[in-house]
Each structure stands twice: as C-alpha cells, then as structure tokens.
1. All but one of (1) over 30 Å from LEU275 (Cα atoms); (2) buried (at least 23 other Cβ atoms within 10 Å of the Cβ) hold for CYS127; which doesn't?
2. Can you confirm whether region 79-86 contains a residue that is assigned to a helix (DSSP H, G or I) and among the charged types (D, E, K, R)?
3. Mind listing whichever residues of region 127-137 are over 13 Å from MET59 (Cβ atoms) and touching a residue at least 40 places away in the same chain (Cβ under 8 Å)?
4. Limited to region 80-89, what total is found for residues that are open to solvent by 40 Å² or more (accessible area, probe 1.4 Å) and within 18 Å of TYR35 (Cβ to Cβ)?
5. LYS271: modelled with pLDDT of 75 or more and open to solvent by 70 Å² or more (accessible area, probe 1.4 Å), yes or no?
6. Here is a list of conditions, (1) under 27 Å from the mean Cα position of the chain (by Cα); (2) assigned to a helix (DSSP H, G or I), and LYS234 meets all of them except one; can you say which number that is?
7. Taking only pairs six or more apart or across chains, which ones have beta-carbon atoms under 6 Å, a first residue in region 160-172 that is closer than 13 Å to LEU98 by Cβ, and a second residue that is part of a strand (DSSP E or B)?
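The values are calculated or read from the model by the stated rules, or taken from the named source; none is laboratory data. The structure presented is a predicted model; accordingly, all values stated were derived computationally and were not measured. Cβ placement follows ideal geometry from the backbone for every residue including glycine, while neighbour counts extend to all protein chains displayed. Accessible surface is based on the protein model in full, side chains and every heavy atom, while ligands, DNA and RNA are left aside. Shrake-Rupley method; radii C 1.70, N 1.55, O 1.52, S 1.80 Å.
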Amino acid sequence: MAQENLSTITELVLVGFSNHPQVEIPLFFLFSGVYLVNLFGNTAIITLVVIDYCLQTPMYFFLCHLAFLNIFYTTAVVPKMLFNLLASKKVISYELCLAQTYISLLMGAAECIVLAIMALDRYVAICYPLRYLLIMNWSVCMQFAVGAWAISFFASVVPLYFTILPLCSPYIVDHIFCEVPVLLHMFCADTSLQETLMVIGASGTLLLPFLLITLSYLCILVAVMKMHSAEGRKKAFSVCSSHLTVVTIYYGTGMFTYMRPKSLYSAEGDKLISLFYAVINPALNPLIYSLRNKEVNGALKRVLERLSVSQRQMITILRCQ
C-alpha cells in the first residue's frame, strides 16, 4: 500500500451502510427521528435546569454537561451519516474525518468522567444528606466540571495529536463515522504504540471512572441496607436507577470498542455498536433521566403552566387594545 502525505489527502470513502443499499432510505428516516429526539430531549433538559430554580442542584448541573456532550457528539457524527445515506457518492473530507475522530474521543472520555462524578454526587447525597450541599457546593462542582473536561482533553486528544500516522491508500473508511479503532487499520506504519496508548487512555478515562462508579455504588448499597425505612430505601434506589441504567449501557459498548486489540475488529459488528453509543444512547439519556423523574416532570409542568399563563395574559392585553 502506498503511503501519502497527510496534506495531500482531500477525501475518503465512508462506506457506512452502502453494503446494504436496500436499508439506506429506512435508516435515514429512523436515524433522523432519533437525532431529533436527541436534540429536543437534551436541549429540553438544559433549558429546564437553566430556567427552573428547583433543578439548579449539583446533580442537574452535571446532567446538563452530559446533555451538552450528547448533543455535540451526535452533531459531529449524524448529519454527515444522514447525508451519505442519501448520496450516491459516499465520501467524507479528511479534515471532517479527523474532527470526528478527535470529537468522538474527547466526548467519550468526558462522558465517562462525568458519569463517575454523578455517581460520586449520588454517594454524597445518600450517605451524607445533611452535609450534601456543603460538600457539593458550587465551587466544588465547577472544579469537578473543569477537571473532567481538562482531563478528557489531555488524556485523549493530545496523545492522538502527537501519535497520528500517515494513511495508506485505498482511503476507505468501512464504518459509519471516523474514530480511533477504525483509523488504526488505515495507518501505514506499525500501530503498536497507538494501540498501547489507546488501551492506556481507555484505562484512565474508562476503567478508572468505572471503578469509582462501582466503589460509589457499593458504599451506597451498604448505606441503603442500613436504612430502617422501606420508603427511604425505595427512594434511594429510585434516585440511582436512572444513572445506573445509563452507566450500564454506555460502559458496555465503550469498553468493548476501546479496550480490545485491533485483531478483534469486525466492521459490521462495530458499526452496530458505534450506532448504539454514538447515536441511540445519547437520545435515550434524556428519556431515562426524565420519564421516571418526579423533579424533572414537575419542572416541566411548572414551565408549561408559566407559558400558559403568559399566553393568556398576552391574549388579554391584545383584546384590551
């Protein structure tokens, strides 16, 4: 295979689902709907937290970060995927391919760390309820948030930037978008260093947060088992159930993708897994956090009531004029 300077590559073929042309139109409508649910749901979460005072707590502060990265992640991936489902020439520019690789790596690492912080927040809320707002004050929350994004950037984007290699022709990306495990198969030189760094980075941004989540929930479980009130135990489990669901879905797919050797790569199987954690899961998150969440549903009702009152007042003013 011929090696070519990075600066001379203008575009790559993005295979996507072109091997199954009969499903491309149905998939376009399906993924368009999922993307709209993602945008609406996550934007609604952020809007509710911003305008409703009752939701301005540490838990929902971090949920806003989760909603933001869900929107940003899928927006970097889905529009191009949707365009190629309808296009006869299925290509992606080299610059956009690199951008998708960096963004998917950064957003994936950030989501792991944010989920770990949310688990720690639940631990403090359940195990130290009287000191919760003192421990998780806004200064601490801001430090956690800045730290999460900074660690994600320096643990994922920076190593990739300094170790990325020239690509070999043919420039065919047999995937639905560009990400590190896919590009490893397109590098011309030996990728042992890149594979090692990917596993090390995944250990820091996937495994360590997962261990923190596990430890937090073990402590929560012990604290809940000591509760004498059945209602208290039920409420504690209800508070944690949404977060546990998101963690299980995200970590299951993320660890399989980034913590395995290149030899276990399967193009068709990896497309389905990537679809789940990059497209479907971000749309499920706001549904998981809101459907059974009384605080979110209450905030939504209050906002709708205020809008209804404002609308009636506006109609009354117009009629008086």
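1. (2)
2. Checking region 79-86: at least one residue is assigned to a helix (DSSP H, G or I) and among the charged types (D, E, K, R).
3. CYS127, the sole residue that qualifies.
4. First pass over region 80-89, keeping only residues open to solvent by 40 Å² or more (accessible area, probe 1.4 Å): 80, 83, 86, 88-89.
Narrowing the set further to residues that are within 18 Å of TYR35 (Cβ to Cβ) leaves 80, 83, 86.
Number satisfying all stated conditions: 3.
5. no
6. Among (1) under 27 Å from the mean Cα position of the chain (by Cα); (2) assigned to a helix (DSSP H, G or I), the lone unmet condition for LYS234 is (1).
7. Qualifying pairs under 6 Å: LEU165/PHE187; PRO166/GLN3; TYR171/LEU12.
Residues are listed down the side, and each one gets a yes or a no for (1) free of Cβ contacts under 8 Å to residues at least 12 places away in the same chain; (2) touching a Pro at 6+ places or on another chain (Cβ under 9 Å); (3) farther than 26 Å from THR248 by Cβ; (4) crowded, with 21+ Cβ neighbours inside 10 Å:
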position	(1), (2), (3), (4)
THR10	no, no, yes, no
VAL15	no, no, yes, no
LEU30	yes, no, no, no
LEU36	yes, no, no, no
PRO58	no, no, no, yes
PHE61	no, no, no, no
VAL91	no, no, yes, no
CYS97	no, no, yes, yes
SER104	no, no, no, yes
